[in-house]
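*Asks:* Below is the structure I would like to discuss, written out as structure tokens.
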Amino acid sequence: MKLLISFATYPRDGKTTYRSLLDTFTSLVKKDNLEGIHIDIWVVGDDYPNIDELRPIFENYHTTFFNINQQDALRHAPISKEVKWAQAVQRTKIFILEKALTTDYDYILMSSDDDTYMNHKISKSMAYIKANHYPDFVFNRGIHNETPQSKHMIFPINDTPYPEPGNCIASGCLYRVSNKAFLQTIINFRKSCWLEVELYKTACKNENIPYMRIIEKRIKPEDYQLWDYLARHFKDGVYTSLFIPEILIHHGPERSLYHYL
């Protein structure tokens, strides 16, 4: 099995990103048995001029680093911080998926830079994939710390055969690269979502407040949008989805981007 692992990241305060990504990589890769699995790693920084500072984390692993959106990261735009949080990683994911589309990997695992992976995420996922006819999409349980009330809530709340908005952790999801139509479907949808962000930015620049408010209500977190869009494809059998209940991912605090704007 040829597995591509991508990490979406951005610079914070000179220490937090490195520490978080090191912990994420250790829990995902170093603590798992990857025998028989060929992995390559992409680290994609969103306007991360000093991205080379992350190289020691991946010593002895085949890793490629990219610095995209230079001087154009959404987090720097004069817009609502909620929209920044919801869509900041959108172009990074489009970039990753478009590059993956040109490769011969079997699957891509897409990760944030502040997750803790439990229960041997990679090796167990590969075993499930082989036993379940190589599904197009694979996800698992997750937990995040957004509020004191929700920090112990595990998603999905109920076992479900496909991801649902507000009920799925995006980190660690696996996409079948060899199904090019599946990847292209996701890319096209993500680009349509980003187009609305561009329209919103223009409205903000022109101080078109009524239009700004209309779009603000429509823009949701990028993963929420994707799950809502893909649901009908899974329901109709266009693509296949697999839920692995035994794997748990602890995602970092939601909206942590607010602290580094």
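The values are calculated or read from the model by the stated rules, or taken from the named source; none is laboratory data. No experiment lies behind these values; they were computed from the predicted model shown. Here the Cβ positions follow ideal geometry from the backbone for every residue, glycine too, while neighbour counts run over all protein chains shown.
*Asks:* Is there a residue being assigned to a strand (DSSP E or B) and polar (S, T, N, Q) anywhere in the range 221-234?
*Replies:* No, the range 221-234 has no match at all.
*Asks:* Also, quick follow-up: Find all pairs meeting these conditions: Cβ atoms under 6 angstrom apart; at least six residues apart or on different chains; first residue within the range 113-126 and touching a residue at least 12 places away in the same chain (Cβ under 8 Å); second residue among the hydroxyl-bearing types (Ser, Thr, Tyr) and assigned to a strand (DSSP E or B).
*Replies:* Listed by first residue and then by second, the contacts come to 113/9.
*Asks:* Would you check which residues across the range 216-251 are under 26 Å from residue 131 (Cα atoms) and either of a type in the set (Phe, Trp, Tyr) or touching a helix residue (DSSP H, G or I) at 6+ places or on another chain (Cβ under 6 Å) (or both) and list them?
*Replies:* Scanning the range 216-251 gives 227, 234, 239, 241, 243, 244, 247.
*Asks:* Return a yes/no flag: does the range 184-191 have any residue that is charged (D, E, K, R), surrounded by fewer than 18 Cβ atoms within 10 Å (Cβ to Cβ) and touching a residue at least 12 places away in the same chain (Cβ under 8 Å).
*Replies:* Looking for residues that are charged (D, E, K, R), surrounded by fewer than 18 Cβ atoms within 10 Å (Cβ to Cβ) and touching a residue at least 12 places away in the same chain (Cβ under 8 Å), one finds at least one in the range 184-191, hence yes.
*Asks:* Just one of (1) surrounded by 17 or more Cβ atoms within 10 Å (Cβ to Cβ); (2) charged (D, E, K, R); (3) in a helix (DSSP H, G or I) trips up residue 55, so point out which.
*Replies:* (1)
*Asks:* Out of the residues in the range 1-53 meeting the condition of being of a type in the set (Gly, Ala, Ser) and at pLDDT below 95, tell me which one is farthest from residue 71 (Cα to Cα).
*Replies:* Looking at residues that are of a type in the set (Gly, Ala, Ser) and at pLDDT below 95, I get 36.
*Asks:* Suppose we filter 189, 137, 234, 182 for residues that are at negative phi, modelled with pLDDT of 95 or more and in contact with an Asp or Glu (Cβ under 6 Å, 6 or more places away or on another chain); which single one remains?
*Replies:* 182
*Asks:* Shifting gears a bit: Could you list all residues from the range 164-186 that are of a type in the set (A, V, I, L, M, F, W, C) and in a helix (DSSP H, G or I)?
*Replies:* Result: 181, 182, 183, 186.
*Asks:* Another one. Just checking, does the range 98-109 include any residue being hydroxyl-bearing (Ser, Thr, Tyr), buried (at least 16 other Cβ atoms within 10 Å of the Cβ) and in a helix (DSSP H, G or I)?
*Replies:* No, the conditions are met nowhere in the range 98-109.
*Asks:* Next question, about the same structure. Which of the residues spanning the range 52-74 are free of Cβ contacts under 8 Å to residues at least 24 places away in the same chain and of a type outside the set (D, E, K, R)?
*Replies:* 56, 60, 62, 63, 65, 67, 69, 70
*Asks:* In contact (Cβ under 8 Å) with a residue 12 or more places away in the chain and touching a strand residue (DSSP E or B) at 6+ places or on another chain (Cβ under 6 Å): does that describe residue 134?
*Replies:* So residue 134 does not fit the description; no.
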